[in-house]
Amino acid sequence: MKTFVVILVLAAAGYWGYRHGYIKPDWFGGSGGTASTPGSAPAESLEQTLNRGLPRMVSNEVSVDRAVANSQLVTFDYRFVDLDQYAVQQRYGSSMPAEMRGTLIRDLCANREVREQVLAQGRGVILQVHAQDGRTVFSAELRPGGC
């Protein structure tokens, strides 16, 4: 019975780690034991390039967690570290403060990959700011030429 409980706890911990990005499936599904050479490595996708170095703190209360990119849309997900939806609404109201919007846009404009691979290609970027509980509280857009 103890073994069964231990297996269930490990399975639940593994699932939680996978869902939150701490465990990556490509760690287990290798290439069958063959080593890849640098010349044969596939090109890194735009989404992988934009997610390199994430998550990271942008300010003392906001972090950028991930970027989602496809052929038409690029979205950056920011998160209030310590504020849930109710606390965000109490502090900021219903619209994104200008100083926060400026900070997030400066953060994106400072990213070379965003400037060269997204904005220079004529694509815009959607900024979504989530509360600690995961609910979207603010949204903005950075258009090409907005830096």
Restrict the check to region 64-87 and report whether at least one residue is touching a helix residue (DSSP H, G or I) at 6+ places or on another chain (Cβ under 7 Å) and among the hydroxyl-bearing types (S, T, Y). yes
Here the qualifying pairs (Cβ atoms under 7 Å; residues six or more apart or on different chains; first in region 51-79 and in contact (Cβ under 8 Å) with a residue 24 or more places away in the chain; second among the hydroxyl-bearing types (S, T, Y) and not in a strand (DSSP E or B)) come out as V58/T103; S59/T103
Do you know which of the residues in region 1-44 that are of a type in the set (S, T, N, Q) and either at pLDDT below 60 or open to solvent by less than 80 Å² (accessible area, probe 1.4 Å) (or both) is farthest from P55 (Cα to Cα)? T34
Pair list, Cβ under 8 Å, 6 or more apart: region 133-144 residue within 16 Å of P97 (Cβ to Cβ), other residue open to solvent by less than 70 Å² (accessible area, probe 1.4 Å) and in a loop (DSSP other than H, G, I, E, B): V137/A131; F138/M96; S139/M96; A140/M96
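The values are calculated or read from the model by the stated rules, or taken from the named source; none is laboratory data. The structure displayed is predicted, hence computed values, not measured ones. Cβ coordinates were reconstructed from backbone atoms using ideal geometry, including for glycine residues, and neighbour counts include every protein chain displayed. Heads up: the accessible areas ignore ligands, DNA and RNA and are worked out on the full protein's heavy atoms, side chains in. Shrake-Rupley method; radii C 1.70, N 1.55, O 1.52, S 1.80 Å.
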